[in-house]
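The values are calculated or read from the model by the stated rules, or taken from the named source; none is laboratory data. Here the structure is a predicted model, which is why all the values come from computation and not from measurement. Here the Cβ positions follow ideal geometry from the backbone for every residue, glycine too, while neighbour counts run over all protein chains shown.
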Amino acid sequence: MRHRVNTRKLGRTSSHRVAMYRNLVSSLLEHEKVETTHAKAREVGRLAERMITLGKRGNLHARRQAMRVVHGKSVAAKLFGELALRFASRPGGYTRVLRTRRRIGDAAEMSIVQLVESAQADSAKPAAKKGAGRRKATTRKTASKKASSRKASSEEADGEKAAGKKAKAKKASRKKKATSKADSD
């Protein structure tokens, strides 16, 4: 029975597990998105939520507690600066865990852990990654430009068709003249 057991051991020693969690939390706070196995993702999400709460508190004791977990001064600066401001009005639930796929090698269930409000910021930005598969949002101006360019291209195509029809008609009239001239001779 697992009564009152709050942690997942993940088949690792305690020192290895703690180091792994620290690395994953630091990477999550730095890049705002991490892909890992589902069990690890749930634990990392919990730890990251605690770190963001410490960042929102912002005093010296909170900074020292966060530095026990987070690696790197740049990540700590982002935690106590940008992320604390971003989540200032949010009372919790800073991360989400999305199941993605099964890993090929061992069929482990993979998940993405990401910060919640970064997804809104990503949707405002155009797709920067190659092959992201997102279409650029069209505004009214770009939609009207596209429509006018379609009209112009269709008018050009209609003009080309009309010119082609005229050329065919001229060619046919020449053939008629040539055949009628040959018949009269």
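Annotations for the structure displayed:
- Qualifying helices (runs of 4 or more DSSP H) (wholly inside the range 51-140; at least 2 residues being modelled with pLDDT of 90 or more and hydrophobic (A, V, I, L, M, F, W, C)): 60-67, 73-78
For (1) small (Gly, Ala, Ser); (2) crowded, with 16+ Cβ neighbours inside 10 Å; (3) within 20 Å of ASN6 (Cα to Cα), each residue gets a yes or a no:
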| residue | (1), (2), (3) |
| --- | --- |
| VAL25 | no, yes, yes |
| ALA39 | yes, no, yes |
| GLU43 | no, yes, yes |
| GLY93 | yes, no, yes |
| ASP106 | no, no, no |
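- Flag if LEU10 is at positive phi and either surrounded by 13 or more Cβ atoms within 10 Å (Cβ to Cβ) or in a helix (DSSP H, G or I) (or both): yes
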